[in-house]
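Data first, discussion second: the structure below is written as structure tokens.
The values are calculated or read from the model by the stated rules, or taken from the named source; none is laboratory data. Please read all numbers here as calculations on a predicted model, not as lab measurements. So basically every Cβ, Gly included, is an ideal-geometry build from the backbone, and we count neighbours across all protein chains shown. For accessibility, only protein heavy atoms count, side chains too; no ligands or nucleic acids. Shrake-Rupley method; radii C 1.70, N 1.55, O 1.52, S 1.80 Å.
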Amino acid sequence: MRLVCILISLPLLATACGNQATPTQTPFQAPSSPTHIAPPAATQTMTASPTPPLVKVISCEDWQSWPVIPVVSQSARALYQRGQESGNDPRAFSKIGDGEISTEWFFTGFDLGEGHYDLGPYQHLRPVIDHFDGSFGRIGMAARRGFNTQRILDPSLNDPSLCVSGESPLTCELRLHRPAFAVLSLGTNQVWKPDEFEAGMRQILDILLSQEVVPILSTKGDNLEGDHRINHTIACLAQEYDIPLWNFWSAIQPLPNHGLQPDLEHLTYGITDFDDADAMQTAWTVRNLTALQALDAVWRNVTAQQ
């Protein structure tokens with residue numbers, strides 16, 4: 001059954017539908033710098049004590065126009081609080097997904113020290129790096145090149161030296177790390193099996209929610225399937241489950257060749273330097289920046305005093 005939402009002609013976009021709580025969002029003002037290129041479409045972010053704006057409610061059919069940085073609902077805040085009561089680590093997040101989340105050039109530099117990254121005009125992101133120290137460089141049980149929704153749930157692919165019999169890579173990761181948040185990026189490896197992808201994503205989300213972990217879903221950068229069906233599914237799941245969506249696809253659309261290499265699958269590579277104009281024209285630099293912004297927005301909002 002397709003979700004249908006009411007359109008309200010107001011200025012900001014939000015991923016709200018049905019009985020979702022009204023999200024909050026305030027404009028992000030990037031510091032001016034003659035060499036700085038603002039991350040494409042990432043002009044919205046959250047503050048610790050947001051002021052409720054007027055919000056335009058849209059359907060997941062219009063996911064391409066959703067903001068890059070997630071809007072955080074009241075249900076996500078409640079999920080986080082339940083996780084704290086059940087013992088999830090408020091200073092930990094897990095990476096869940098395939099090669100685009102398990103690679104050493106995604107997030108790892110933030111754990112290696114300032115010689116491995118440059119925040120440039122985004123110094124306000126330093127607190128989120130300090131808070132989640134140890135999670136950025138950690139490659140857990142549920143992040144591996146070639147992983148898809150089936151493999152992440154397959155007990156035969158767990159690490160027998162760390163996981164117990166019958167645990168999937170996902171459930172093993174959650175037991176070992178006890179994360180409060182999970183950054184979830186999948187889809188490219190199942191572009192030709194969209195129904196299998198959706199069924200697996202539902203199982204993954206059900207497991208995360210049963211453990212009171214706040215998922216941060218991500219759209220993928222490519223469109224190998226030709227009709228954006230996978231990203232549409234991801235957005236509709238984010239809306240249905242009322243969880244944050246980091247719209248990475250939107251972030252890289254203004255980049256040369258939309259941030260893709262000639263094979264139209266792999267992302268263009270750039271160093272993690274947000275003050276380097278050339279780097280900011282590459283998908284991997286924008287990926288690291290907007291992922292950090294997304295994590296920061298969700299963390300600040302679920303922990304904000306209401």
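Only one of the listed residues (ILE37, ILE58) is of a type in the set (A, V, I, L, M), over 26 Å from THR272 (Cα atoms) and at pLDDT below 90. That residue is ILE58.
Where helices (runs of 4 or more DSSP H) fall entirely within region 99-177, those with at least 1 residues that are open to solvent by less than 30 Å² (accessible area, probe 1.4 Å) and modelled with pLDDT under 95 are at 99-102.
The residues of region 192-242 that are open to solvent by 10 Å² or more (accessible area, probe 1.4 Å), assigned to a loop (DSSP other than H, G, I, E, B) and of a type in the set (A, V, I, L, M, F, W, C), listed by number, are TRP192, LEU224. For beta carbons closer than 6 Å, sequence separation of 6+ or different chains, a first residue in region 243-266 that is in a helix (DSSP H, G or I) and a second that is open to solvent by less than 10 Å² (accessible area, probe 1.4 Å) and at pLDDT below 95, the qualifying pairs are ALA251/ALA42.
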